[in-house]
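Step one of this worksheet: look at the structure below.
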Amino acid sequence: MIKLDSKIPKGPLADKWNNYKSSLRLVNPANKKKLDVIVVGTGLSGASSASALGELGYNVKVFCFQDSPRRAHSVAAQGGINAAKNYKNDGDSVYRLFFDMIKGGDFRAREANVYRAAEVSNYVIDHFAALGVPFARDYGGMLDTRSFGGVQVSRTFYAKGQTGQQCLLGTYSSLSRQIAKGTVTMYERRDMLDLVIVDDKARGIITRNLLTGEIERHSAHAVVLATGGYGTVFYLSTLALGSNASAAWAAHKKGALFANPSFIQIHPTSIPVLNDYQSKLTLMSESLRNDGRVWVPKEKDEKRHPNQIPEAERDYYLERRYPAFGNLVPRDVASRAAKERCDAGYGVGDTGLSVYLDFKDAIEKQGKKAIEDKYGNLFEMYLKITGINPYEEPMRIYPAGHYTMGGLWVDYNLMTTIPGLFSVGESNFSDHGANRLGASSLMQCSGDGYFILPYTIGDYLADEIKTPRIKTDIPEFEKAEKEAKERIEKLMSVNGKQTVTSFHKRLGKILWDHCGMVRSAGGLKKGIQMIDDLEDEFWKEVKVSGMANDYNQELEKAFRVADFFEVGRLMCQDALDRNESCGAHFREEYQTEQGEAKRNDKEFAHVSAYEYNGNRKEEILHKEPLVFENVELKERSYK
Amino acid sequence: MEFKLKIWRQKNASVKGKFETYTLKDVSPEMSFLQMLDYLNQQIIESGGDPVHFEHDCREGICGSCGIYINGRPHGPLRNTTTCELHMREFKDNTTIVIEPWRSKAFPVIKDLVVDRSAFEKVIHAGGFINANTGSTQEANNIPINKKISDRAFDAAVCIGCGACVAACKNSSAMLFVSAKVSQYALLPQGKVEAKERVENMVKKMDEVGFGFCSNTYACEFDCPKGISVEFIAQMNREFFSAKVCKQKS
Amino acid sequence: MSKKGFSLTSISHKYIMAAAGAFLMLFLVSHLSTNLLLLAGDGGETFDKAVEFLLTNPFIKIMEYVLFAGFIIHILIGVILELHNRRSRPVGYNVPLRSETSAFSRFMIHSGIIIFIFLLIHLYQFFFVKLGFVPKYGGAESTVDFYPMVVHTFQNPVYSIIYIVSFVFLGFHLKHAFQSAFQSFGLNHNKYMPAIKIVGTIYAIVIAVGFSIIPLYFMFLYK
C-alpha cells in the first residue's frame, strides 16, 4: 500500500525552503563523478536540470527524441516568464506571486511548493540574464516587464513573443557548455520506452534509437523525467506534434503515481480550426490580451465584417463579466467564457466557433509601431496562417488544449513514488493546481531544473555513493527490453487498414467533447466507453507501415497513441471522481448561478494520485490532503 | 487543388535516392504544406507504401525542425516563412512541386527529406555559450544594457537553427548561423568577456564539420525564415579579426 | 585547407581574399589613370613620361612584386574557395537555387576566369615584351616603348573587342567585389552599407568604362 508523503518541511512558509536546503545532505565532488544521472527530455526543465547537475560534477546522460535539444517545445512558449522582482514598484513580492499562483490554481496546489517556485523565480531571471538571454529592456537599460492574465502587477519578463525560445536557447547554451566539458553526454533521437527498476529503485531506462530502431539500455543511479505534458492527447492542441506522454506513462505503469490527470488547461487564445486536415492549433500568446480586447457581436448570426460592426453592437463580454480583471482574467475563465458565448450562438467565423480579439483601440492609442514592437512576430504568424492582417481587422481566436497541470506525483523533493525517479517541469503535477497562470511555466521549469532539483537529488544520491555503476546486463534490464520489443512487435503485427493518425484524431475528438472545457458525469462515462471501443479497434485495425528496426515515424506515433488511450481513460476517471468545479476542471453539475466554477473544499481539497492497476482496470485513487495554513480558501473571483 | 509532387525518396544514408512523382488531388488551399504532406502520407500508407519521412515538430515556425527545399527555395517561395507556416494557397493549382532535402556535405541525408544537422550542434558545443555557473550570478539589473544593443542581440538570437542558410548558400556555408550566435554574445556585456575565444573556437569547428566558405552572396539572409541579417556575418568577421590580432599570447 | 599542414580558417580566407582584392582595386585606379594619359592626344608624350617614372621609381619596382603577389594570392584563394565550396555540396539540387541574390555575386569565379585569361594575354603583350620574352612590335623603339605597341594593338578590332568584353566582366566582378570586401572586413553597418554599395557600383562602372574608352579611341578617333 502506497502512503503519500509530501515531505513538506515544517516551519513558517517563507523559511521552509531555506531551512530545508541547509539540512539536505551533500555528495562530495569526488563521489559525484561516480554517480550517473539520466535526464529524459531537453526542454527548459530537462536541459536546466542536466546542465545544473553537470556543473555539480555528476555524470549526466540526457535524452531527447528530437535531433537537438533546441527543438523541445519549451521553444514555443511566447509571452514571458514571471518573477517577483518588483521592478515596477507595483507592490509585487514573493508572497504575492505565491498568492496569485495559489489562487490562480484555484487552491488545488501545495502551498510550500508554490511558495518555493515563487522564491526561486528571481534567481532564474538573474541566471538567464547572465546566460545572455536578450530579454526586453527599457531605455535605461533595465529589464522591462508586462502584465499577464490573473494578476494585477507587472511581473512578466519577455523577449518579444519568443520568450520560450530565448529561455530554451539560453538553457541549451548552458547544456552545451557541459556537453563540451564532458560532464553531460547527449543522446538525441531517442524515445524512452520503459523505466527499469532494480530493487525498488529507478536504475535506468530502455530507449529506442529512432534512426536505427535499435533498442538500447541505459543505467544510472537516478532518473529524472522532464518529458513535458500530455496535451497532445486531444490531437489538436497547441503542442508540438512530437510531444507525448509515453515516458511518464511508462513510469506510471511501473509504479509512479499520476496526479490530477484531469487538470488540463485549455488556452483561450489559439487560432481556430480552419480545415479538416488540421494537424495542430497555433497559440496566440496570452500577452495579446494586455492590449487586445475580446468581443463578439451582440446580435446572433451577425454576418457583417467585424470592422463594420459599430462599437455599440459589440459585446466585450470579458470586460462585462469581470470588470476588475477584464480581458486579463485567468485562462480557464477566459476559455469557458468564449465557449459560453459560442454555444449561445454569438460565435463568429464560418463555424461559429471563434471570437474576436481586437487591437483597434490599442493601435489607435499607442500607435502601430508600439504594437509591432510588442507582438510583431505573433501578428506575422497570424497573417501567415490565416491570410488575415490583424493590424487591419480583429483576430479570430478560440480555446485549444494547451498545458497539463496534472502529471507524475512528486513530493517536495520532486521525487515520484518510485525512489530515485524524479520529475521536473510540466511532467510533474506540483505547482499549478487546477489552472496555471500565464508565464509561470517557464518560471517553474527553470526553477525546478536550475535551483531545486540539484539540491534535492543530492540528498537522495548521498545514499548511493557506495553503489557501483549499475550494469545493464542484469535480468531487470533484459526483461524491460524484452517487453519493449514485444510491444513494438505487437504494434507492427496488427497490420490493419487505418492510419495511426486517424485513431489519434478520433481519440482527440472524444476527449475534447467529453473531457474538455466543460464536463459532466454522463459525458465522462460515455467518453470512457468510447475510448475503450476505440482502443479495441486500434489493436485490430491500425496499420503501422515500415519496419521496426528502421527509421520509422509511423511506429513512433503508434507507440505514443497506444499510450494516449490509457491516459485519456485516466483523465476521464479523475474528472468523473472530482465532483466539483475548480480551475480548468469544470463540471456542468457544479456551477454557481452566474455560471462560475463551484468548488467543494470540504471533499476535494486534495491531490488525486492514481496508481496503475493493470490494463483497462480502474486505477486506485490515493488522496494527498492539501493543507492551507497561509491562505484562506475563498471563491476565486475576478469580478 | 491538384498537384504533381516530385519528391526525393531515399531509404537511408547508404543507398542512392531518386525522385518519385505523386499526383495529389483534393488539396485545400487552407492546408499548410506539411498538412499536404500528411495527407499524401495517409494515402501512401493506406495503399501499403512507405510514407515520406520529413522532420517537423512545433508546426508554428519556432522549433526549426522542418526544412524542405521546395521548387528551388529552402522553405519554399515565401520569405520569412518556415515550411510549416507555408500554406498551399501560395501555389498555383495544377502545377508540379519539386520537393528535395537540404543539400550539403555537412548535412547528409538520413531518409527521404530528413537530413542530419548535428554539425550545427557541434559548432554550438564548441563555444556557443557563456561560462556562467548556476547560482554564481548577480542581480539581473546590475548590468544595464542599452536597449538598442539588447534588441540587436535579440535579432541575432531568434535563429531557429533550421539550416536554411546552409541550404540556400551556393557554397553550403554556415556563416549566418554561426555569426548569429557569435554576435548575440559579442554584443552583450555578459558575453564580451570570452568573445575572442568563442569566435575562434566556433569558426574552427564550423570549418571542421564540412561547411563551405562564404563568398558574400547573401542568399542566406534572403532565405532565412527569421530574417537574420548578414550584418552579423560582418560582425563575426570583425570579432574574428580582432581575436586573431589582439588576443594575448597564451 | 590544403593537406600540407597549411591551414587557414574560412574567415582568414575571406580576409586575405578581400585584402588582395582591395589592393588590386587600388592598383586598377592607378593603372587606369596612367592609361588615360594615352588619350592626351600628344602622340604619347605624357604617357611616356609616366611610363618612365613607373619604370624607374624604386617604390614602384617593389610594388610590382607586391602586385604580382596580390594577383597570385587573389587567384589562388579564389580557386581554393571554389573547389572547397564545390566539395561542400557533393549532391546538387534538382531545381537550381532560386534565392534572389545578385548575379554578380554568384558568378565571381566565372568572371574571374575570364579576367584571368585576359590577364594572360595582357601580360603576353606588354609585360613579357618588357622582360624580353616576346619581341617588341608595332615599331617600338625599345621593349619599354609602350605607346606604339598600344596603338598597334588597339587598332586590331578583334583584340579591342576582347579587351572591352573583358572589362565588362571586370566591371561585373568589381560590382560585387567592392562591397563584398567591406563585408569581409566586417565593415557592414546598416547606416553606411547602402552608400558603400552605390560607391562600389560607380567604381565598377568607372573602371569598366574608363578602360574601354581607350580601345574605342584608338579604333575610331585616333588618326
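Placing a label point 7 Å from the Cα of residue B:26 along the Cα-to-Cβ direction, the residues of segment A:273-317 whose backbone N falls under 16 Å of that point are A:275-278.
Between segment B:60-86 and segment C:121-185, the C-alpha centres lie 48 angstrom from each other. With neighbours defined as other Cβ atoms within 10 Å of a residue's Cβ, the residues B:205, C:223, C:14 order from fewest to most as C:223, B:205, C:14. Label point of residue C:222 set 7 angstrom out along Cα-Cβ; within segment C:176-212, amide nitrogens under 20 Å from it belong to C:207-212. Under 5 Å from the amide H of residue B:113 lie the amide H atoms of B:53, each residue being 5 or more positions distant or on a separate chain, with H modelled from the backbone and absent for Pro and chain starts. Comparing C:133, C:107, C:172 in a Gaussian network model of chain C where C-alpha atoms under 10 Å apart are linked, the largest mean-square fluctuation is found at C:133.
Non-local lysine pairs in segment B:3-104, meaning eight or more places apart or on different chains, with alpha-carbon distances under 22 Å, amount to 8.
With the charge dipole of segment C:18-125 set up from +1 on Lys and Arg Cβ and -1 on Asp and Glu Cβ about the Cα centre, the Cα lying farthest toward the positive end among the listed residues C:38, C:73, C:51 is that of C:73. In this simple spin-label model, placing a label point 7 Å from the Cα along the Cα-to-Cβ direction at both residue C:80 and residue A:383 gives a separation of 4.5 nm.
Expressed as a whole number of Å, what is the distance separating the alpha-carbon centroids of segment A:590-611 and segment A:456-532? Segment A:456-532 and segment A:590-611 have Cα centres separated by 28 Å. With a Förster radius of 30 Å applied to the beta-carbon distance between residue B:2 and residue A:300, the computed FRET efficiency rounds to 0.20.
In segment A:84-165, the C-alpha radius of gyration followed by the widest Cα-Cα span (Dmax) gives 13.2, 40 angstrom. Given R0 = 56 Å, the distance between the Cβ atoms of residue C:57 and residue B:116 translates into a calculated FRET efficiency of 0.45.
For residue A:39, the amide hydrogen comes within under 5 Å of the amide hydrogens of A:61, A:62, A:63, A:224, counting only partners 5 or more places away or on other chains and with H modelled in the peptide plane. With a simple spin-label model that places each label point 7 Å from the Cα along the Cα-to-Cβ direction, the separation between residue A:308 and residue C:161 comes to 6.7 nm. Residues C:7, A:502, B:47, B:215, ranked from the fewest to the most other C-beta atoms within 10 Å, line up as B:47, C:7, A:502, B:215.
Against the main long axis of the alpha-carbon atoms of chain B, helix B:147-157 sits at an angle near 40°. Distance between the modelled labels on residue A:509 and residue A:5, one decimal in nanometres: 4.9 nm (7 Å Cα→Cβ projection).
Under the rule a/c < 1.5 gives rounded, and otherwise a/b versus b/c splits prolate from oblate, where does segment B:117-246 land using the Cα gyration tensor? Judged from the Cα gyration tensor, segment B:117-246 comes out prolate (a/c at least 1.5, a/b above b/c). In a fully extended conformation the segment linking residue A:391 and residue A:603 would gain 71.5 nm over its present Cα-Cα distance, using 0.36 nm per residue. Peptide B:86-94 has a mean of 1 when you count, residue by residue, the C-beta atoms of other protein chains within 10 Å of its C-beta. In whole angstrom, note down how far apart the Cα centers of segment A:49-93 and segment A:98-131 are. About 13 Å separates the Cα centre of segment A:49-93 from the one of segment A:98-131. Think of segment A:496-624 as having a plus end and a minus end, set by charges on the Cβ of Lys, Arg, Asp and Glu; of A:517, A:548, A:622, A:548 sits farthest toward the positive end of this dipole. Oblate is the label for segment A:291-376, because the ratio a/c of its alpha-carbon gyration tensor axes (a ≥ b ≥ c) is 1.5 or higher and a/b is not greater than b/c.
Sequence-distant contacts, meaning Cα pairs under 8 Å at least 6 residues apart, place the relative contact order of segment A:403-474 at 29 percent. Taking a ≥ b ≥ c as the square roots of the eigenvalues of the alpha carbon gyration tensor, segment A:1-76 is prolate, as a/c is not under 1.5 and a/b beats b/c. Cross-link partners of residue A:485 among aspartates and glutamates, defined as those whose alpha carbon lies under 14 angstrom from its own and excluding same-chain residues fewer than eight positions apart: A:191, A:194, A:214, A:216, A:550, A:556. Let me test this: with uniform point scatterers at the alpha carbons of the protein assembly as shown, what is the Debye-based log₁₀ I(q)/I(0) at q = 0.06 1/Å? Ignoring solvent entirely, the Cα scatterers give -0.51.
Neighbour counts of C-beta atoms inside 10 Å place B:239, A:111 in the sequence A:111, B:239, starting with the fewest. Take each residue of peptide B:152-159, count the partner chain Cβ atoms within 10 Å of its Cβ, and average: the result is 5.
Sorting check: for B:122-135, A:515-528, which peptide has the highest mean count of neighbouring beta carbons within 10 Å, and how do the rest follow?
Peptide ranking by packing, descending: B:122-135, A:515-528.
Remark: segment C:155-167, residue by residue, has Karplus-estimated 3J(HN,Hα) of 7, 8, x, 4, 4, 4, 5, 4, 4, 5, 4, 4, 6 Hz, where x stands for each Gly or Pro and the curve is 6.51 cos²θ - 1.76 cosθ + 1.60 at θ = phi - 60°. In segment C:1-152, Cα pairs under 8 Å separated by at least six residues give a relative contact order of 19 percent.
Projecting the Cα positions of A:179, A:326, A:84 onto the charge dipole of the protein assembly as shown (unit charges on Cβ atoms of Lys, Arg, Asp and Glu, taken about the Cα centre) puts A:179 furthest along the positive direction.
Peptide C:179-187 has a mean shielding of 5, counted as Cβ atoms of other protein chains within 10 Å of each residue's Cβ.
Pairs of lysines in chain C whose Cα atoms sit within less than 28 Å of one another amount to 16, provided the residues are eight or more positions apart or on different chains. Summing Cβ point charges (Lys, Arg +1; Asp, Glu -1) relative to the Cα centre of chain A gives a dipole of roughly 820 debye.
Computed from the coordinates by the stated procedures, all read-outs in this text should not be read as laboratory data. Keep in mind the model is a prediction, meaning the values are calculated, not measured. Cβ coordinates were reconstructed from backbone atoms using ideal geometry, including for glycine residues, and neighbour counts include every protein chain displayed.
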